[in-house]
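The values are calculated or read from the model by the stated rules, or taken from the named source; none is laboratory data. Just so we're clear, the structure is a prediction, and the values are computed from it rather than from any experiment. Every residue, glycine among them, receives a Cβ derived from its backbone with ideal geometry; neighbour counts consider all protein chains shown.
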Amino acid sequence: MPKWIRGHASGFRIVISAVATVTSVLLAVLPVVSVIKVSAPVTASVVLFAMYLWAELGHSESSVQQAHVKDLQDFAGWAEQVVGLTHGFDFSTPKAKSFRAHFPKLGKEIDDWNGLMRQLPPIDARFVEFTNIEEPMRLGLGANTALPSMLNLVARGFLSLPNQTWQVQSGWIQAINQGTYAVVPLPPDEASTCKLISDVWDSLTTVDEKPAVQEYQAMHRKVEALRATLNDGLRTVQAKHRPEGHCDLCPT
Ligand SMILES: [Zn+2]
């Protein structure tokens, strides 16, 4: 028995017994000779019952359909949140399969997104290894300098070098804009200071050319482009009241 009938079975039973009771009462109280007259209330009852059924079926179908549409919209809302967090997600659940059946283009894009999310961690790790370990080591710097953060922010486009003011204070070479970066400790002599400043400046201004950074930037451009495409598609689904296509969970 389809789900929508199960949900209304008790309602049907009540109406059927009500009609049966009314009919039997009418038959009992009216003389046999009035059978012809009885047919009028019986017909009326049958017509009313048919009207009730028609209304019930129409209502049930539309509410089940509405629930299904809401499931698709909710899935799209959840997917938008996951995409916003730059996470991959499980796309193998029955609701996910239903979503893919209705929106195959978005399904393919979610597969692509999950693919990018699998590639992302080693690329991010490689980038951080370059900015936090390799580059400071190459310049002979310890872990306590601000060079890693500055390289990271410049490579990600969050820090503009021309906007920095440079100064020496408390034994550190500092860069100041909205915040202060204690970039590197001031070396003991002038020659070492000149070389270190030159190396640090060169490191910061050429960071975009380094392979680990280029790979990171290329990957994140792909992520941002796909995020924008997915957000468009997922928001459209959330606004849809008549989704195209069909799936195994569609009400019959
Ligand atoms: Zn469906």
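Quick notes on this structure:
- Evaluating His220 against the criteria (1) closer than 30 Å to Val83 by Cβ; (2) in contact with a Leu (Cβ under 8 Å, 6 or more places away or on another chain) leaves one unmet condition, (2).
- Test: residue in segment 117-138 that is surrounded by fewer than 16 Cβ atoms within 10 Å (Cβ to Cβ), within 13 Å of the ligand (Cβ to nearest atom) and not hydroxyl-bearing (Ser, Thr, Tyr): no
Table: residues versus (1) in contact with a His (Cβ under 9 Å, 6 or more places away or on another chain); (2) hydrophobic (A, V, I, L, M, F, W, C); (3) not assigned by TED's automatic domain parsing to the domain that holds Pro185.
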| site | (1), (2), (3) |
| --- | --- |
| Gly84 | no, no, yes |
| Asp90 | no, no, yes |
| Leu106 | no, yes, yes |
| Glu109 | no, no, yes |
| Val128 | no, yes, no |
| Thr131 | no, no, no |
| Leu139 | no, yes, no |
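- Residue match in segment 184-203 (condition: under 30 Å from Ala67 (Cα atoms) and either within 16 Å of the ligand (Cβ to nearest atom) or of a type outside the set (Phe, Trp, Tyr) (or both)): no
- Selected residue (only one of Ala182, Ala155 is in contact with a helix residue (DSSP H, G or I) (Cβ under 7 Å, 6 or more places away or on another chain), surrounded by 15 or more Cβ atoms within 10 Å (Cβ to Cβ) and not charged (D, E, K, R)): Ala155
- Of all residues in segment 218-252, those satisfying the criterion of being surrounded by 17 or more Cβ atoms within 10 Å (Cβ to Cβ) and within 16 Å of the ligand (Cβ to nearest atom) are Val237, Pro243, Cys247.
- Subset of segment 181-219 (residues that are under 31 Å from the mean Cα position of the chain (by Cα) and touching a residue at least 12 places away in the same chain (Cβ under 8 Å)): Asp208, Ala212, Val213, Glu215, Tyr216, Gln217, Met219
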